[in-house]
Amino acid sequence: MVSHQSPETLLSQPSEQRYGCAVIYNWSDGRESLELIHRLRALKVPTQIVLVVVEAVATIIARAAHDGATDVLQANQPAAELRDAIANAIEIDRAERPRALESLQQRERLESLSEGERDVLRLVLDGLPNKVIAARLDVSQRTVEARRHKLFLKTGTTSIAELVRMVVQLGG
């Protein structure tokens, strides 16, 4: 278990290797806690979050759930409930982290594509052959072939089917 005295220390030390969760105590109106949850999500490191609130305000609970909190508890709950929520969050993290990290890596590979490679990808996903793609993009067929080759290399895929599956899994 690692305890952080401030959000900044937590945010400066995210770990992709450790399983676990972040327990966030909300002692005020909730804005700071919700901002911290948002900042954790922006880091793109999969993290389960248990939010402990002094007062169960529906808007805070709804926003925390929307932003990905695993559980929201009231501060006056028995300690056993907090332990159970943490254990549950760790189990969720253990089960989901490998898939989440793979998805993150795939998304980063897609984001590394140049604009031209993205144009070719879009048209390949539409099922168009290189000759038609070249005409639509007003480039040579060799350029299309080179961009197509680069997008396979950058995405780590070896076939159109694998590339399509990757894009579909990422929701793109």
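Out of the residues in the stretch 4-36 that are in contact with a helix residue (DSSP H, G or I) (Cβ under 9 Å, 6 or more places away or on another chain), open to solvent by 50 Å² or more (accessible area, probe 1.4 Å) and of a type in the set (Ser, Thr, Tyr), state the one that is modelled with the lowest pLDDT.
Across the stretch 4-36, the extreme among qualifying residues is 19.
What helices (runs of 4 or more DSSP H), lying completely within the stretch 80-172, carry at least 2 residues that are closer than 26 Å to residue 43 by Cα?
115-125, 141-155, 160-169
Conditions first: (1) among the polar types (S, T, N, Q); (2) outside any helix (DSSP H, G or I); (3) more than 20 Å from residue 90 (Cβ to Cβ). Residue 59 passes all but one, so which condition is the exception?
The one condition residue 59 does not meet is (2).
With (1) part of a helix (DSSP H, G or I); (2) of a type in the set (S, T, N, Q); (3) surrounded by fewer than 19 Cβ atoms within 10 Å (Cβ to Cβ) as the list, and residue 76 as the residue in question, which single condition is left unmet?
Condition (1) is where residue 76 drops out.
Suppose we filter the stretch 37-64 for residues that are more than 17 Å from residue 86 (Cβ to Cβ), open to solvent by less than 60 Å² (accessible area, probe 1.4 Å) and within 18 Å of the chain's Cα centre (by Cα); how many remain?
Of the residues in that region, 1 qualify.
If you go through the stretch 123-149 one residue at a time, how many are surrounded by 14 or more Cβ atoms within 10 Å (Cβ to Cβ) and either at pLDDT 95 or above or more than 17 Å from residue 106 (Cβ to Cβ) (or both)?
Residues meeting the conditions: 16.
If you scan the stretch 154-169, which residues turn out to be of a type outside the set (Val, Ile, Thr) and exposed (fewer than 12 other Cβ atoms within 10 Å of the Cβ)?
If the condition is that a residue be of a type outside the set (Val, Ile, Thr) and exposed (fewer than 12 other Cβ atoms within 10 Å of the Cβ), then 159, 161 are the ones that fit.
Please work out if residue 115 is touching a Lys or Arg at 6+ places or on another chain (Cβ under 9 Å) and of a type outside the set (Val, Ile, Thr).
Answer is no for this residue.
The values are calculated or read from the model by the stated rules, or taken from the named source; none is laboratory data. Remember, it's a predicted structure, so these values are computed and weren't measured experimentally. Methodologically, a virtual Cβ is constructed for each residue, glycine included, from the backbone with ideal geometry; neighbour enumeration extends over all protein chains shown. Please note that ligands, DNA and RNA were not included when accessible areas were found on the heavy atoms of the full protein model with its side chains. Shrake-Rupley method; radii C 1.70, N 1.55, O 1.52, S 1.80 Å.
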